[in-house]
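The values are calculated or read from the model by the stated rules, or taken from the named source; none is laboratory data. Here the structure is a predicted model, which is why all the values come from computation and not from measurement. All Cβ positions, glycine included, derive from the backbone under ideal geometry; neighbour counts span all protein chains shown.
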């Protein structure tokens, strides 16, 4: 028996119509960055969490007791930032469980961000995973 990595159809079946509608609004408006949909998300997010413009100038937000949000210039980029953020959170929890984590200095953090934090890095890093997912579930993107 083959168990798929993730069944996105089943996972999003209840919200498919809403997701497609939102996706169509973004495509139709051409406002992928700083468009009306982003402004609405920022407004709702800011009202609920008291952090206006959190995603407009950053890649991710950690929601206390709720999980992670990530954004990107493409779905591939946003997905990679989410995966990377999730792995980083796991590493942080393991470090804290083992003792007192040693922080890196600001200069090293800035250098790392410059080397791997560009949007093309996020898009490119996701491609092998995308290829694997679509190979495992060849009908995933079919209507």
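For the stretch 10-31, which positions are in contact with a helix residue (DSSP H, G or I) (Cβ under 9 Å, 6 or more places away or on another chain) and modelled with pLDDT of 75 or more? Before the answer, list the steps.
Restricting attention to the stretch 10-31, the residues satisfying the condition of being in contact with a helix residue (DSSP H, G or I) (Cβ under 9 Å, 6 or more places away or on another chain) are 12, 16, 22, 25-26, 29, 31.
Result: 16, 22, 25, 26, 29.
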Is at least one residue of the stretch 116-127 without any contact (Cβ under 8 Å) to a residue 40 or more places away in the chain and more than 27 Å from residue 27 (Cβ to Cβ)? yes
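Every residue in the stretch 32-55 that is modelled with pLDDT of 70 or more and farther than 20 Å from residue 77 by Cα, please.
Filtering the stretch 32-55 down to residues modelled with pLDDT of 70 or more leaves 36-48.
36, 40, 43, 44, 45, 46, 47, 48, listed by residue number.
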Of the conditions (1) over 15 Å from residue 60 (Cβ atoms); (2) at pLDDT below 90, the single one that residue 113 does not satisfy is (1)
The stretch 94-110, residues that are out of contact with any helix residue (DSSP H, G or I) (no Cβ under 7 Å at 6 or more places or on another chain) and either within 16 Å of residue 126 (Cα to Cα) or surrounded by 10 or more Cβ atoms within 10 Å (Cβ to Cβ) (or both): 94, 95, 96, 104, 108, 109, 110
